[in-house]
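In what follows, a structure is listed as C-alpha cells, so that the remarks can point back to it.
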Amino acid sequence: MTKIAIGSDHVGIELKPVIIDYLQELGYDVTDFGTKTTDRTDYPIYGKKVGEAVASGDYDLGILICGTGVGISLAANKVNGIRAVVCSEPYSAQLSRQHNNTNVLAFGSRVVGAELAKMIVKSWLDASFIGGRHLRRVDELGAIEAKDDQKFVVLQGSTSSRYTDD
C-alpha cells in the first residue's frame, strides 16, 4: 500500500482532513505530520517534516497545504531528494509526475476548493513517471542538488539509450 505523508500550516488545516479522508477512500495509507490546531504556525516546519519523511523512504509520496502552496513547497524542496510541485489544476499535477517525477504535491487552500483539490490529487496520484528524455532532466536536477557541475555538464550532452523515448 502506498504511504502518503501529509502536512499543512494553520491556513491549510480545514482542507487537510477532506484530503485525508479522500486519500483513505482511495485506499492510501496516510499519516498527518501536522499542524493539528488552528493556532498560527510556520509552514516551513511542515514542509520540512513531510519532505524528510518522503526523502527517507519511509513514505512514498507527500502532500502539503498552505495558503497558496508556494511557501510550504519551497520548504519541502530544500530537502535533498524532494521534487515538490505547486498545482492549482489537474493537468499540471499529472504532467509533473509524468515529466518531472515529483514526489510531493502542494496546493493552496486559499486558491483551490475541496473538489478541485481532490481532482488535483487524483490526477497526480494516477500519473506515473514516463522516463526517457525526462529522466535525463530529472538526473540533471539531481546533479544540481548534489552541486556536481561536472555530472551536470556530462548529462546535458548525453545520448545514452536510457534517455530515449523508445
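Since every read-out is calculated from the coordinates, none of them should be taken as a lab result. What you see is a predicted model; the values in this text were computed from it and never measured. Here the Cβ positions follow ideal geometry from the backbone for every residue, glycine too, while neighbour counts run over all protein chains shown.
Relative contact order of the range 3-126, taken over Cα pairs closer than 8 Å and 6 or more residues apart, is 27 percent. Pairs of lysine residues in the chain that meet both criteria, 8 or more places apart or on different chains and Cα atoms under 19 Å apart, total 15. In whole percents, the pair-distance distribution calculated for the chain from its alpha-carbon pairs, binned every 5 Å from zero, is 2, 10, 18, 21, 20, 12, 8, 5, 3, 1, 0.
Charge dipole (Cα centre; +1 on Lys/Arg Cβ, -1 on Asp/Glu Cβ; no other charges) of the range 3-126 amounts to roughly 300 debye.
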